[in-house]
Amino acid sequence: MSDIRTLRQVLQNHRTIAVVGLSADWFRPSYFAAKYMQEHGYRIIPVNPKYTEILGETCYPSLKDIPHSVDIVDVFRKPADTPAIAQEAVNIGAKVFWLQLGVINEDAQAIAHHAGLTVVVDRCVKIEHARLFGGLGWFGVNTGVVSSRRPLAPH
């Protein structure tokens, strides 16, 4: 379910995101996406057994270790790992199971879907938020210039 209406509803109504596979390295896509979402008012809950804290939040070894409710489970892990993560998302009562760009696993999708979770696949939470809520200019992506002109070739 990755239509615009569903994505908008998910991002408007669900504000707590457990990021499975979140890295503490600032240059990793998971860190960049989580930091962006945190700066836009979302509560980020890091899930990675390698760390105790990321982005000022306590980091948990697994979803089942999180002591409070989670709305969205956002997955930055290899596709083979995702069925077990989907089952954990179901077990903790998450509302949305989100597989990041390039993370596609039909078994994981089926587990989450059959349990009634909204499933988003092969999309980036940061990109979708920026696209739907006007943040694409955050890093100069939207220059406000529309042109098909090619630069002049040097003579």
Nearest-ten-degree value, helix 82-91 long axis tilted from longest Cα axis of the chain: 60 degrees
Extension reserve of the Asp3-Lys50 stretch, reckoned as 0.36 nm per residue once the Cα distance is removed: 13.5 nm
Whole-Å distance, taken between Cα centres, linking the range 1-33 and the range 52-76: 12 Å
Relative contact order [Cα under 8 Å, 6+ residues apart], the chain, whole percent: 20 percent
For the chain, with +1 on Lys and Arg beta carbons and -1 on Asp and Glu, the positive-most of Asn91, Phe32, Gly116 along the dipole: Phe32
Helix axis angle, 29-39 relative to the chain longest principal axis, alpha carbon, degrees: 90 degrees
CD proxy at 222 nm, helix term only [per DSSP H run n ≥ 4: -39500 (n - 2.57); per residue of the chain; nearest 500]: -9000 deg cm²/dmol
Residues with amide H under 5 Å from that of Tyr60, placed H, sequence gap 5 or more: Val47, Asn48
Amide hydrogen neighbours beyond the local backbone of Val103, cut-off 5 Å, H modeled: Asp122
Fewest-first ranking of Trp98, Trp26, using other Cβ atoms within 10 Å as the exposure measure: Trp26, Trp98
Hz values of 3J(HN,Hα) by residue in the range 56-62 - Karplus curve (6.51, -1.76, 1.60), Gly and Pro given as x: x, 10, 4, 9, 9, x, 8
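Computed from the coordinates by the stated procedures, all read-outs in this text should not be read as laboratory data. All figures in this text were calculated on a predicted structure; none of them were measured in a lab. Positions of Cβ are generated from backbone atoms using ideal geometry, with glycine treated the same way; all protein chains shown enter the neighbour counts.
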